[in-house]
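Chemist: The structure is given below, and queries will be raised subsequently.
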Amino acid sequence: MTSGTLGPPVRPVPRGLAAAGVGAGPFFLVAGLVQGLARDGFDFGRNALSQLGLGALGWVQVAVFLLTGPLVVGGAVAVRRALGGGPGGTWGPRLIGAFGISFVVAGVFRADPGAGFPAGAPEERVASLSAHGTVHMLAGTVGYLALCAAFLVLARHFAARRRRGWAFAARLLPAGVLAGVAASAATVAAFTAGAGLGLLGLSVLTARLTWPDPRRRPYADSRRNRTRTRTERQESLV
């Protein structure tokens, strides 16, 4: 038997990266909530959090985008360490990393003004996007699609470990996110709720995967133990 049969060993999960991944979603949402309440003219029912990046204080939300991205990417590295060579250990972290990169792109290319924000903007919602507004929207679309795909990949990981509750939750999260996106035509608040659900769901799953759990064994170790058990049984029959 070779070590390749057992899969690569699981490396220790850096606590700082795990904490970064867990804190990314709450950080982004709390920052948006505080700014939305503090800035004149912002309406959570009409304006997206992305529009906080506009106006004299827009630099604050831009900084939030640029900080959230690396935090999510750090969490992706932590998840990769935690999963090792187990199910979902390759594409789950990659998709989470793509989601993190989308925040950086969205921070560089700002959303368009509209729906009365910032002050002086047309009262109507944005009818046609500018070049930077288009890139901003595409970054968000691709990022959240990557996040939904990551949830489904992580569901496979949980299912392989027979954690059916967590697998069900991971499969349910994309439905909630996409429902919010679909309802955004009626109200921007629906999109904010769907996006927030995705961010908080990612934080919870990252915590579950990366924080120490004495009842959980690394995938490679559990696989190695099963292989040893089969070998011992075969030897006892000889």
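Chemist: So how many residues does the stretch 116-139 have that are open to solvent by 60 Å² or more (accessible area, probe 1.4 Å) and within 21 Å of the chain's Cα centre (by Cα)?
Modeler: Final tally of qualifying residues: 2.
Chemist: In the stretch 26-51, what residues are touching a helix residue (DSSP H, G or I) at 6+ places or on another chain (Cβ under 7 Å), surrounded by fewer than 17 Cβ atoms within 10 Å (Cβ to Cβ) and under 25 Å from T134 (Cα atoms)?
Modeler: The answer is F44, G45.
Chemist: Find the residue count for the stretch 28-42, including only residues that are assigned to a loop (DSSP other than H, G, I, E, B) and within 23 Å of F109 (Cβ to Cβ). Write out each step before concluding.
Modeler: Narrowing the stretch 28-42 to residues assigned to a loop (DSSP other than H, G, I, E, B): 39-42.
From what's left, within 23 Å of F109 (Cβ to Cβ): 39, 41-42.
Selection size over the stretch 28-42: 3.
Chemist: Turning to a different aspect of this structure: Quick one: which helices (runs of 4 or more DSSP H) lie wholly within the stretch 84-184 and hold at least 2 residues that are over 17 Å from L197 (Cα atoms) and at pLDDT 95 or above?
Modeler: Because the criterion is at least 2 residues that are over 17 Å from L197 (Cα atoms) and at pLDDT 95 or above, the helices (runs of 4 or more DSSP H) in the stretch 84-184 that meet it are 91-108, 131-160.
Chemist: Filter the stretch 53-92 down to the residues that are within 18 Å of L205 (Cβ to Cβ) and not small (G, A, S) and list them by number.
Modeler: T68, L71, V72, V73, V77, V79, R80, R81, L83, P87, T90, W91, listed by residue number.
Chemist: If you don't mind, there's one more thing I want to ask. Regarding A18, is this residue within 19 Å of P93 (Cα to Cα) and touching a Phe, Trp or Tyr at 6+ places or on another chain (Cβ under 7 Å)?
Modeler: Numbers: within 19 Å of P93 (Cα to Cα): yes; touching a Phe, Trp or Tyr at 6+ places or on another chain (Cβ under 7 Å): yes.
Here the answer is yes, as A18 does meet what is asked.
Chemist: Moving on. Of the conditions (1) in contact with a helix residue (DSSP H, G or I) (Cβ under 7 Å, 6 or more places away or on another chain); (2) in contact (Cβ under 8 Å) with a residue 60 or more places away in the chain; (3) farther than 15 Å from L147 by Cα, G107 clears all except one; give me its number.
Modeler: (2)
Residues checked against (1) under 26 Å from A63 (Cα atoms); (2) open to solvent by 10 Å² or more (accessible area, probe 1.4 Å):
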| residue | (1), (2) |
| --- | --- |
| R94 | yes, yes |
| G107 | yes, no |
| T141 | yes, yes |
| V153 | no, yes |
| R164 | no, yes |
| F168 | no, yes |
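Chemist: Find all pairs meeting these conditions: Cβ atoms under 6 angstrom apart; at least six residues apart or on different chains; first residue within the stretch 25-47 and among the polar types (S, T, N, Q); second residue in a helix (DSSP H, G or I) and crowded, with 17+ Cβ neighbours inside 10 Å.
Modeler: Q35/L52
Chemist: Of the numbered conditions (1) within 22 Å of G75 (Cβ to Cβ); (2) of a type outside the set (F, W, Y); (3) in contact with a helix residue (DSSP H, G or I) (Cβ under 8 Å, 6 or more places away or on another chain), P113 satisfies every one except a single condition; which is it?
Modeler: It fails just one condition, (1).
Chemist: If you don't mind, there's one more thing I want to ask. Which of the residues that make up the stretch 55-76 are surrounded by 21 or more Cβ atoms within 10 Å (Cβ to Cβ) and touching a residue at least 60 places away in the same chain (Cβ under 8 Å)?
Modeler: V72, G75 - these are the residues of the stretch 55-76 that are surrounded by 21 or more Cβ atoms within 10 Å (Cβ to Cβ) and touching a residue at least 60 places away in the same chain (Cβ under 8 Å).
The values are calculated or read from the model by the stated rules, or taken from the named source; none is laboratory data. Please read all numbers here as calculations on a predicted model, not as lab measurements. Because the Cβ atoms are built from the backbone with ideal geometry, glycine has one as well, and the counts that use them run over all protein chains shown. The accessibility values were calculated without ligands, DNA or RNA, using every heavy atom of the protein model including side chains. Shrake-Rupley method; radii C 1.70, N 1.55, O 1.52, S 1.80 Å.
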